[in-house]
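Here is the structure we will look at.
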Amino acid sequence: MTKIKAGVTGWGSYIPPYRIKASDIASLWGFDPYTPKAIWIEEKAVAALDEDTITIGWRASKYALQRAGVKPEEIGAVFVGTESKPYSVKPSATVIADALGISPKKLASDLEFACRAASEAIRISISLVNTEMAKYTLVVGADTAQASPGDVLEFTASSGGVALVIGGLDNAAAVIEDSYTYVTDTPDFWRRSLAPYPEHGEAFTGEPAYFNHIINAVKGLFEEGGYKPNDFDYAVFHQPNGKFPLQVGAKLGFPKEKILPGLVTPYIGNTYNGSALMGFAKILEEAKPGSRILLAPFGSGAGSDAYAIVVTDHVLEKRDKAPKVVDMINRKIYIDYARYAKMREKILRYRR
Amino acid sequence: MMFERSPAKIWRNRDVLYRLKYSYCRDCKRSFYPPRGRCIYCGSSNIEHRYSSGRGVVKEFTVVYQTPVGFTDMSPMVIGLIEMEEGFRLLAQIVDVKPEEISNGMKVEAVLRRMIVDGETGLIYYGIKFAPLIEKS
């Protein structure tokens, strides 16, 4: 493995306050009431009518810059990982960058790899920082996830985002020790151009996609870095529901006690590109310096990255500089299905 | 700030709309928004442009049910008079809080939100609204 000289200088997250209970969705569409429990989803966050990936990403980025203590003009690249771009053609990254005062002298682009695009942005950022092509980069993972009304995906597809400032080792809240990526062509979940909602391969999304890719990425990290499960204090996996992360963790030898602190999907839903990163952000807000975190995002299509990340003393001075994940999980405005349908623009009507 | 569906005007004003750029008068030491080249209080041109922290408090507010075309989906809309930390005041929409839970003196922070979406194919216009400050644990 190439020696990594990069870390997480700052982090921020944003979860909209609106919540719909999974039991309300199950009731409306006539699902077995046990269905949400079977995948462990209690409720999910819903973006307001005037929110999208850009506004969510902006808010998370603002908090990430506060924690990083970095001037916006020091950011040399802005990447937005999302599968819910407000524009098909027009970057989200440039709007977020301009609205934060980031200098025009930068790289900026939106990346797409289902829920894993922001993780790809982390890997690119490591390269930019390692080669000193950028002092700091801003990585945004944000989505307003789509789900066809009545599809089982509707239980979990939610809205939220996380932003990371990636920089050198000085002043890093967490140091990225090692990383490994495992990517193949696997048709488990897709959305065609102009299609409003994604299609998915039902059970096929599990074994050959989620489990196969995460397990191979983590095993690759272990083999090349000489790690074993006991070397990690926390394990955060992509969390399409509450059940899969515990299952993949068990297959890799992680007890649930190391997974539960970073498992947020049961309470806010799957924020797609924010999913694993939200759990990671929560752990940065709770872990002791010296703790080692396994982070393994996953994206359909399919691919997974595994990172070994060690928390430093700097995390303590940064935590209170912005709202925490748990603050936003606990901030709730409950809505019924009718309001949810309005907010997610699922009501067909004539527009003036 | 009034929102006009003009890409050129929005582009020219993006610092004002996205980042709350305001003016500070070096002579009378007062701030105002939107920024101008001459002080609205003393007429001085000894002006400095600055960016707001985004933090403020609600001084007054009203709930609008008869919303104008383009904003009907947001009804009921809460419009507040916000006093910023830097001393200037502005009118803006307050979001993410039930009208009955808003009170004068409530702490708010500036948030980037969609202002107007121009039909199915036009531009999405972004700007600053205000949301309750998230309480930190």
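The values are calculated or read from the model by the stated rules, or taken from the named source; none is laboratory data. None of the values given here were measured: they were computed from a predicted structure. A quick note on method: Cβ atoms are made from the backbone with ideal geometry, for glycine too, and the neighbour counts reach across all protein chains shown.
How many of the residues in the range A:283-323 are farther than 16 Å from residue A:213 by Cα, in contact (Cβ under 8 Å) with a residue 60 or more places away in the chain and not β-branched (Val, Ile, Thr)?
9
Tell me whether the range B:44-64 contains one or more residues that are among the basic types (Lys, Arg), at positive phi, free of Cβ contacts under 8 Å to residues at least 60 places away in the same chain and away from chain A (no Cβ under 14 Å). Walk me through it before giving the result.
Pass one, the range B:44-64, residues among the basic types (Lys, Arg): B:50, B:55, B:59.
Going one step further and asking which of them are at positive phi, we end up with none.
So far as the range B:44-64 goes, no, none of its residues is among the basic types (Lys, Arg), at positive phi, free of Cβ contacts under 8 Å to residues at least 60 places away in the same chain and away from chain A (no Cβ under 14 Å).
Which of the residues belonging to the range B:109-118 are more than 7 Å from chain A (Cβ to nearest Cβ), closer than 30 Å to residue A:194 by Cβ and of a type outside the set (A, V, I, L, M)?
Within the range B:109-118, just B:118 meets the criteria.
Select the strands (runs of 3 or more DSSP E) contained entirely in the range A:1-113, then report the ones holding at least 2 residues which are under 30 Å from residue B:76 (Cα atoms). Quick ask: steps written out before the conclusion?
Values: elements: A:6-14, A:18-21, A:43-46, A:75-81, A:107-111.
Strands (runs of 3 or more DSSP E) meeting the threshold: A:6-14, A:18-21, A:43-46.
Across the range B:1-57, which residue is nearest to residue A:99 (Cα to Cα) among those that are modelled with pLDDT of 95 or more and in contact with a His (Cβ under 9 Å, 6 or more places away or on another chain)?
Among those that are modelled with pLDDT of 95 or more and in contact with a His (Cβ under 9 Å, 6 or more places away or on another chain), it is B:21.
When residue B:131 is evaluated against the numbered criteria (1) surrounded by 20 or more Cβ atoms within 10 Å (Cβ to Cβ); (2) under 22 Å from residue A:72 (Cβ atoms), which criterion, by number, is the only one it fails?
(1)
Go over the candidates A:164, A:194, A:169 one by one and state the one that is touching a Ser or Thr at 6+ places or on another chain (Cβ under 9 Å), assigned to a loop (DSSP other than H, G, I, E, B) and outside the structural domain of residue A:305 (by TED's automatic domain parsing). Explain how you work it out, then say what you get.
Values: A:164 fails: assigned to a loop (DSSP other than H, G, I, E, B); A:194 fails: outside the structural domain of residue A:305 (by TED's automatic domain parsing).
Testing whether each residue is touching a Ser or Thr at 6+ places or on another chain (Cβ under 9 Å), assigned to a loop (DSSP other than H, G, I, E, B) and outside the structural domain of residue A:305 (by TED's automatic domain parsing) leaves just A:169.
Tally the residues that are surrounded by fewer than 24 Cβ atoms within 10 Å (Cβ to Cβ) and closer than 23 Å to residue A:281 by Cα, restricting the search to the range A:115-133.
Residues in the range A:115-133 being surrounded by fewer than 24 Cβ atoms within 10 Å (Cβ to Cβ) and closer than 23 Å to residue A:281 by Cα: 7 in total.
Kindly list, by first and then second residue, each pair from a residue in the range A:86-98 that is in the same structural domain as residue A:139 (by TED's automatic domain parsing) and loosely packed, with under 14 Cβ neighbours inside 10 Å to a residue that is of a type in the set (Ser, Thr, Tyr) and modelled with pLDDT under 95, limited to pairs with Cβ atoms under 9 Å and residues at least 6 apart or on different chains.
Note: pairs meeting the criteria are A:88/A:193.
Could you grab me the full set of residues in the range A:7-21 that are more than 14 Å from chain B (Cβ to nearest Cβ) and surrounded by 24 or more Cβ atoms within 10 Å (Cβ to Cβ)?
Within the range A:7-21, A:7, A:8, A:9, A:10, A:11, A:20 qualify.
Identify all residues within the range B:85-108 that are facing another protein chain (nearest Cβ under 10 Å) and crowded, with 17+ Cβ neighbours inside 10 Å; write none if there are none.
B:93, B:95, B:96, B:97 - these are the residues of the range B:85-108 that are facing another protein chain (nearest Cβ under 10 Å) and crowded, with 17+ Cβ neighbours inside 10 Å.
In the list B:63, B:58, which residue meets the criterion of being exposed (fewer than 15 other Cβ atoms within 10 Å of the Cβ), under 17 Å from the mean Cα position of the chain (by Cα) and within 23 Å of residue A:18 (Cβ to Cβ)?
After applying the criteria, what remains is B:63.
Against the conditions (1) over 18 Å from residue B:91 (Cβ atoms); (2) free of Cβ contacts under 8 Å to residues at least 40 places away in the same chain; (3) part of a loop (DSSP other than H, G, I, E, B), where does residue B:8 fall short? Just the number, please.
(3)
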